[in-house]
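Down below is the structure, laid out as structure tokens.
The values are calculated or read from the model by the stated rules, or taken from the named source; none is laboratory data. All values derive from a computational prediction rather than experimental measurement. Positions of Cβ are generated from backbone atoms using ideal geometry, with glycine treated the same way; all protein chains shown enter the neighbour counts. We work out accessible area using only protein heavy atoms, side chains counted, and drop any ligands, DNA or RNA first. Shrake-Rupley method; radii C 1.70, N 1.55, O 1.52, S 1.80 Å.
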Amino acid sequence: TVLTDTDWYTGVPALSSDGQKLAWVSSANIVIADVVDDKLENQRTVLERRSPDTLEWLGDNTLLYSRIVRSPGTEYLELFSLDVTTGQEAQLTEGARAQFPNAMPDGCILFLRDLPQEGSMLRTFCDGTISVFWQAPENTHIVGLDVSRQGQILISLWREGQTDIALLENNQLTFLTDDEVQDTQPSFESENEIIFTSNRDGQYKLYSLNL
């Protein structure tokens with residue numbers, strides 16, 4: 001079933017926790033619609049000329065994302081929130097270089113920061129304060145991140161030429177895949193099932209895994 005019909009790029013769909021709204025990016029605009037009987041109604045652009053790599057709902061009326069902020073000689077990925085009822089965007093961080101922001105059950109935001117001089121690490125943004133949450137092992141890089149509604153943390157970790165899916169709990173990794181293929185873009189379907197992309201049969205396809 002085709003949900004949108006446009007000649008522009010359309011991607012990064014995000015369904016609200018109550019299942020009543022869907023947000024996505026179309027032609028660098030952030031668009032939302034009401035979900036009624038598996039159809040999209042009342043489609044409206046809530047913010048123009050923005051190109052977030054991902055979208056995440058933070059409550060019923062707020063979107064969370066990171067996007068590039070440019071200044072002379074530099075450009076950083078910063079965290080932003082967007083009130084979809086007013087269209088008001090707020091920049092939350094300065095110099096965070098934040099990737100893959102995810103809302104956590106306690107209201108904090110978990111995100112990735114990966115720099116050559118620092119390594120790959122997860123950080124939290126809580127009430128205006130940024131803290132280190134977890135440092136990835138040396139010579140590894142986090143390339144995918146998702147947090148379940150109950151707070152389970154799922155990462156895709158590059159190490160020694162292969163990329164595997166793992167759960168992060170109490171600063172310990174439990175690998176769900178461990179082979180010489182590329183397993184990326186992990187996402188929780190439920191608390192007990194995940195979906196990810198893998199080239200394990202030679203072509204990239206979607207796979208599900210029951211935990």
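Tell me the per residue accessible area of the chain using a 1.4 Å probe; a whole number in Å² is fine.
Numbers: 11830 Å² over 211 residues.
So the chain comes to 56 Å² accessible per residue, rounded to a whole number.
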Self-check item: Compactness index (Cα Rg / 2.2 N^0.38 Å), the stretch 1-123
Solution: 1.11
Practice problem: Multiply the residue gap between Ser51 and Asp83 by 0.36 nm, knock off their C-alpha separation, and tell me the result in nm, one decimal place. | Solution: 9.9 nm
Quiz item: So what is log10(I(q)/I(0)) for the stretch 126-195 at q = 0.11 1/Å, when the Debye sum runs over its Cα atoms only?
Solution: -0.27
Quiz prompt | About the Cα centre, charge dipole magnitude for the stretch 1-137 (Lys/Arg +1, Asp/Glu -1 at Cβ), debye | solution = 400
Quiz item: Pulled fully out, how much extra length does the chain show between Gln172 and Leu211, if you take 0.36 nm times their separation in residues and subtract their Cα-Cα distance?
Solution: 12.4 nm
Quiz item: If we sort 142-150, 44-52 on the protection proxy, mean other Cβ atoms within 10 Å, highest first, what's the order?
Solution: 142-150, 44-52
Quiz item: What nm value, rounded to one decimal, do you get for the distance between Asn61 and Arg200 when each label is placed 7 Å out toward the C-beta?
Solution: 4.4
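I want the local charge near Lys21. Using Cβ-Cβ distances under 10 Å, sum +1 for each Lys or Arg and -1 for each Asp or Glu among the other residues.
-3
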Quiz item: When the accessible area of the stretch 52-211 is split by element with a 1.4 Å probe, what percent falls to carbon and sulfur?
Solution: 43
Quiz prompt | Selection from Val147, Leu22, Leu176 lying farthest towards where the dipole of the chain points positive, charges on Cβ | solution = Leu22
Exercise. Grab the eigenvalues of the alpha-carbon gyration tensor for the chain, scale each by 5, take roots, and send me the semi-axes largest first in whole angstrom.
Key: 27, 22, 17
